Amino acid sequence: MSELGDLLDDIVSDVDGTLLFSPSGSLYERFVEGGTPVVVATENAVDAGQYVELPLEFDEVRERVRFGVEGALENGFVEEGEQLVCVLALFSEDIDTVTRVRAGDFEQSGVYDLFVNSRAEPSVIRNVLEVAIELGKKGQKGKRVGALFVVGDAGKVMNKSRPLSYNPFEKSHVHVGDPIVDVMLKEFSRLDGAFVISDSGKIVSAYRYLEPAAEGVDIPKGLGARHMAAGAITMDTNAVAVVLSESDGLVRAFSGGEIILELDPEAY
């Protein structure tokens, strides 16, 4: 086992910083004794001085680490080129995974910006993603469905779209994240058009046909009108868009006209 110990020593030797993902209080205290770790978690339960809020428990380790590193860079906790060790509990509540990365080695995905620097509140984007993921898992009557949610900058989005039918949310003040409202969203997703949701999560409209200019929008081959509309509206406004694809069942998030997040509902 000495070879394994040597390998672990190589992974953690001469690192410039540590990222702890959802640590226990006792683990955090152990690391504080040797430096100032960056905690990446859904809440700052250990009162860490350097903290990156994790809005989703990304199942993919790569995406979780990428988000944590991007957040640490954005907040000035680490610098480009620094060697970092990331410590995670992947298969149980105990730490079981250690990986080493160099900050800035991978292309910035924009996922951190999606949640933290968007006009919409991070919790609103998270709630919309959860609705799309749940709809992607269950579909409608056992069949896949597609859906498009446009979040933030609702006034401008409404000006660049038109109604396809009566707006059931016109005189309501309901918000995404309410369990009853989320059920309504899943039911209404059977019909054509986009949902428009405000920065604070208020559902402004359903059944909207988006009419932004699509010039300059480049989406991968095989993706259809919903994805093109999502790319165009996020290029033309400060909104973000979440698309559930009817063809491949994946959930994609757009910002600035580009896909910056892709999730498989079945793996989430």
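The values are calculated or read from the model by the stated rules, or taken from the named source; none is laboratory data. The structure presented is a predicted model; accordingly, all values stated were derived computationally and were not measured. Reconstructed Cβ throughout: ideal geometry from the backbone, glycine too, with neighbour counts over all protein chains shown. Keep in mind that these areas ignore ligands, DNA and RNA; they rest on the heavy atoms of the full protein, side chains included. Shrake-Rupley method; radii C 1.70, N 1.55, O 1.52, S 1.80 Å.
Per residue and in cubic angstrom, what volume does the convex hull of the Cα atoms of the stretch 2-111 have?
111 Å³
Straightening the chain between Asp47 and Leu90 buys 13.3 nm, computed as 0.36 nm per residue apart minus the Cα-Cα spacing. If you take every DSSP beta bridge whose two residues both sit in the chain, what share of them, in percent to the nearest 5, is antiparallel? So the antiparallel bridges in the chain amount to around 70 percent.
Counting every C-alpha pair in the chain, the share spaced more than 28 angstrom apart comes to 40%. How many angstrom separate the Cα center of the stretch 15-65 from the Cα center of the stretch 213-264? Between the Cα centre of the stretch 15-65 and that of the stretch 213-264, the gap is 31 Å.
Taking the C-alpha atoms only, the angle from helix 179-188 to the longest principal axis of the chain is near 50 degrees.
The phi torsions of the stretch 50-65, fed into the Karplus equation with coefficients 6.51, -1.76 and 1.60 and a -60° offset, translate into couplings of 10, 9, 10, 6, 9, x, 9, 7, 3, 5, 6, 4, 4, 5, 5, 5 Hz, rounded to whole numbers, with Gly and Pro shown as x. Between Asp14 and Asn117, the FRET efficiency from the beta-carbon distance, with R0 = 35 Å, is close to 0.60. Placing R0 at 41 angstrom, the Cβ-Cβ distance between Asn159 and Arg62 gives a FRET efficiency of 0.60 after rounding to 0.05.
Compute the label zone of Glu187 within the stretch 148-178: residues whose backbone N is under 18 Å from the point 7 Å along Cα-to-Cβ. It comes to 165-178, nothing else.
Roughly what % antiparallel, to the nearest 5, for the DSSP beta bridges in the stretch 118-267?
90 percent
Please give the helix 225-236 orientation as an angle from the longest Cα principal axis of the chain, in degrees from 0 to 90, rounded to the nearest 10. Long axis of 225-236 versus the principal axis of the chain: about 80 degrees.
Rounded to whole Å and ordered largest first, report the semi-axes of the equivalent ellipsoid of the stretch 118-267 derived from its Cα gyration tensor (root of 5λ).
19, 19, 14
By how many nm would the segment from Phe106 to Lys221 grow when fully extended, if each residue of separation counts as 0.36 nm and the alpha-carbon distance is taken off? Working shown, then result.
Numbers: separation 115, 0.36 × 115 = 41.40 nm, distance 2.41 nm.
Result: 39.0 nm gained on full extension.
For Val145, the amide hydrogen comes within under 5 Å of the amide hydrogens of Gln140, counting only partners 5 or more places away or on other chains and with H modelled in the peptide plane.
Once the Cα atoms are used to define both axes, helix 122-138 deviates from the longest principal axis of the chain by about 70 degrees. For the set Thr42, Thr234, the ranking by accessible area, highest first and with no ligand, DNA or RNA atoms included, is Thr42, Thr234 under a 1.4 Å probe. Using a probe of 1.4 Å, the accessible surface attributed to Ser123 totals some 40 Å² when neighbouring protein chains are kept in position.
Pairs of Lys residues in the stretch 132-211 that lie 8 or more places apart, or on two chains, and have C-alpha atoms under 16 angstrom apart add up to 7.
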